[in-house]
Amino acid sequence: MDYIEIYKEEFELVRSRLGPARLKHSLGVAETAQQLAEKYGADPAEAYLAGICHDIAKELPRAEQLALLQKSPLADDAEILQHKQLWHAPAGAVLLAELQEHYPRLNEAVQGACLWHTLGRPAMTLLESLVFVADLIEPGRDFPDLPPIRQAVWQDLTSGICACMQGVIGFLESEGNFVHPLAYEAWAYYKKGQ
């Protein structure tokens with residue numbers, strides 16, 4: 001099925017906001033999320049749409065990201081406010097909600113996948129889970145620990161989520177970068193489910 005044709009309007013909306021490299025990444029996430037949806041019993045079309053849209057706010061100016069973030073459910077999270085690299089996900093979810101009147105397929109499920117694609121959270125919905133892992137394992141990504149993470153994702157979704165979280169947290173810690181407490185909570189939650 002040609003999902004890019006089905007979601008032509010939404011794709012053009014995203015394309016108008018992203019540069020070529022980020023758009024290519026978004027297409028990779030969309031295709032990976034769609035394939036994972038087929039494997040794990042989610043709606044492949046909705047997974048594709050969520051993948052296309054997940055980084056819609058990534059290249060907005062910081063001031064615009066902050067203005068959108070301040071309307072999100074994470075607006076009171078001091079840790080997110082202090083770490084600008086986390087702004088684009090909640091900002092994107094709010095932007096999708098604001099655009100939904102004109103693009104009705106940008107529903108709450110797609111907004112949720114955008115909201116949680118960076119941090120993750122305990123008990124993510126299936127769609128949120130698929131976009132979270134697809135963001136890390138899409139074909140354009142390349143880093144040393146990626147092959148076993150990809151393998152884990154395709155063998156079992158819970159183990160795959162856990163492997164993604166472990167990989168990201170381990171990388172951030174090794175670089176001395178901030179790890180949001182919710183990421184640790186989510187990792188612990190999914191480790192228990194393995």
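Every number in this text was worked out from the coordinates using simple rules, so none of it is lab data. Remember, predicted model here, so these are calculated numbers, not experimental data. With ideal geometry, Cβ positions are generated from the backbone for all residues, glycine too; neighbour counts draw on all protein chains shown.
Per residue of the chain, what 222 nm ellipticity follows from adding -39500 (n - 2.57) for every DSSP H run with n ≥ 4, rounded to the nearest 500?
Dividing the helical sum by the residues of the chain leaves -20000 deg cm²/dmol.
Listed peptides 73-85, 101-113 appear in the order 101-113, 73-85 once ranked by packing, highest mean of other Cβ atoms within 10 Å at the front. Judged by the gyration tensor of its Cα atoms, with axes a ≥ b ≥ c, the range 127-194 is oblate; a/c meets the 1.5 cut and b/c is at least as large as a/b.
Gain in length, Glu185 to Gln166, computed as 0.36 nm per residue apart minus the alpha-carbon separation, to one decimal in nm?
Values: separation 19, 0.36 × 19 = 6.84 nm, distance 1.17 nm.
Length gained between Glu185 and Gln166: 5.7 nm.
Our estimate of slack between Arg141 and Lys39, defined as 0.36 nm per intervening residue step minus the Cα-Cα distance, is 34.6 nm. Maximal additional length on extending the Lys84-Asp2 stretch stands at 26.0 nm, based on 0.36 nm per residue less the C-alpha distance. What the Cα atoms of the chain give is an Rg and a Dmax of 15.6, 43 Å. Extending 7 Å from Cα along the Cβ direction at Glu108 and again at Thr158 yields two label points whose distance is 2.6 nm.
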